[in-house]
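Asker: First the structure, then my questions, so here it is.
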């Protein structure tokens, strides 16, 4: 016959459950599918801006792609949060947006200023740099299993920004494609794999 279970082990189990519940309610899940969808849009924009007819309109193409990617990616994140029950907690969503949006707003403001100053060759580097900063900041409020991957993705966007600043304008479309197309897709697949493995 088994003896009584020590109260310490029950208390530790209860504390572990409480801690896990608090962590999950304070963190934002980021679905890999959102990254894949955003990456596909990035690849489409890269192809469109690389075509002879599209090259003169690269800025408009990428702005449309950015709006589409944020809309679709955001909708996918909201849908998964609703399915998993995280939609009940507005705290993680609010923190995620507080971390993400300042960098995106700064990118939008600088895009307008650089375009008006006829310095549009700096825009790709600015986009990659500020988006990387926004992703890195937002990674701090994501769930633990994907936080490291998202922060690495943010750092890689920042490194691509340095490459864009050092490269001639003819390389900018390819570098934007590496970031908003390839990095989103690759990390979307990795995040999806990690999420399904748990």
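The values are calculated or read from the model by the stated rules, or taken from the named source; none is laboratory data. None of these values were measured; they are calculated from a predicted model. Neighbour counts run over all protein chains shown; Cβ positions are idealised from the backbone, glycine included.
Asker: When you look at residue 150, is it within 26 Å of residue 29 (Cα to Cα) and assigned to a helix (DSSP H, G or I), yes or no? Quick ask: steps written out before the conclusion?
Answerer: Values: within 26 Å of residue 29 (Cα to Cα): yes; assigned to a helix (DSSP H, G or I): yes.
It is true that residue 150 is within 26 Å of residue 29 (Cα to Cα) and assigned to a helix (DSSP H, G or I).
Asker: Does residue 100 meet the test of being at pLDDT below 95, surrounded by 16 or more Cβ atoms within 10 Å (Cβ to Cβ) and either at positive phi or out of contact with any strand residue (DSSP E or B) (no Cβ under 9 Å at 6 or more places or on another chain) (or both)?
Answerer: Values: at pLDDT below 95: yes; surrounded by 16 or more Cβ atoms within 10 Å (Cβ to Cβ): yes; either at positive phi or out of contact with any strand residue (DSSP E or B) (no Cβ under 9 Å at 6 or more places or on another chain) (or both): yes.
Judged against the criteria, residue 100 is a match.
Asker: Would you be able to say whether some residue in region 74-83 is surrounded by 13 or more Cβ atoms within 10 Å (Cβ to Cβ), touching a strand residue (DSSP E or B) at 6+ places or on another chain (Cβ under 7 Å) and at pLDDT below 85? Give the steps one after another, and end with the answer.
Answerer: From region 74-83, those surrounded by 13 or more Cβ atoms within 10 Å (Cβ to Cβ) are 74, 76-81; that's our starting set.
Filter once more, so that each one left must be touching a strand residue (DSSP E or B) at 6+ places or on another chain (Cβ under 7 Å): none.
No: region 74-83 contains no residue that is surrounded by 13 or more Cβ atoms within 10 Å (Cβ to Cβ), touching a strand residue (DSSP E or B) at 6+ places or on another chain (Cβ under 7 Å) and at pLDDT below 85.
Asker: Give me a count of the residues in region 160-198 that are without any contact (Cβ under 8 Å) to a residue 12 or more places away in the chain and in a helix (DSSP H, G or I). Before you say what the answer is, go through the steps one by one.
Answerer: Our first condition is that a residue be without any contact (Cβ under 8 Å) to a residue 12 or more places away in the chain; within region 160-198, this holds for 166-168, 170-171, 196-197.
Still in the running and in a helix (DSSP H, G or I): 166, 170-171, 196-197.
Total satisfying the criteria: 5.
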